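Colleague: Here it is, the structure, as structure tokens.
The values are calculated or read from the model by the stated rules, or taken from the named source; none is laboratory data. Every value quoted in this text rests on a predicted model; they were computed, and no experiment measured them. Using ideal geometry, Cβ is built from the backbone for each residue, glycine included, and neighbour counts are taken over all protein chains shown.
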Amino acid sequence: MLYDDRYYLHLGYYENGYDLEAIAFKRKSQGVWDIFFDFERYGLENPNEKNELNEFGIKIFSIEIQELDVDYGEVRYKQWLSDQEII
């Protein structure tokens, strides 16, 4: 997958004593953002080792949107953390 290195966002969850971050990258020529999380950094087991890996972690989900803002990205990230029972 090719990403546009001009477009990325840091997504964080900093509530209830947590300090968890993910990073979102915009695909080149597509209105899709892929979100990556580094399970190893947080000492967590990766539930799906088949997902795409890069230097920032494992791709955990994608958001189909041309312009991703941090507020919306963090809402989706928080939901993912909750769904995975991390928070």
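Colleague: Please tell me if GLN66 is surrounded by 13 or more Cβ atoms within 10 Å (Cβ to Cβ), more than 14 Å from the chain's Cα centre (by Cα) and not hydrophobic (A, V, I, L, M, F, W, C).
Modeller: Considered against the rule, which asks whether it is surrounded by 13 or more Cβ atoms within 10 Å (Cβ to Cβ), more than 14 Å from the chain's Cα centre (by Cα) and not hydrophobic (A, V, I, L, M, F, W, C), GLN66 comes out as no.
Colleague: Would you confirm, using the coordinates I've provided, whether LEU2 is touching a Ser or Thr at 6+ places or on another chain (Cβ under 9 Å), modelled with pLDDT under 95 and surrounded by fewer than 18 Cβ atoms within 10 Å (Cβ to Cβ)?
Modeller: So LEU2 fits the description; yes.
Colleague: Of the residues GLN66, GLN79, GLN30, which is within 19 Å of LEU2 (Cβ to Cβ) and without any contact (Cβ under 8 Å) to a residue 24 or more places away in the chain?
Modeller: GLN30
Colleague: Which of the numbered conditions does LEU44 fail, given that it passes all the others? Conditions: (1) more than 13 Å from TYR3 (Cα to Cα); (2) in contact with a strand residue (DSSP E or B) (Cβ under 8 Å, 6 or more places away or on another chain).
Modeller: That leaves (2) as the condition not met.
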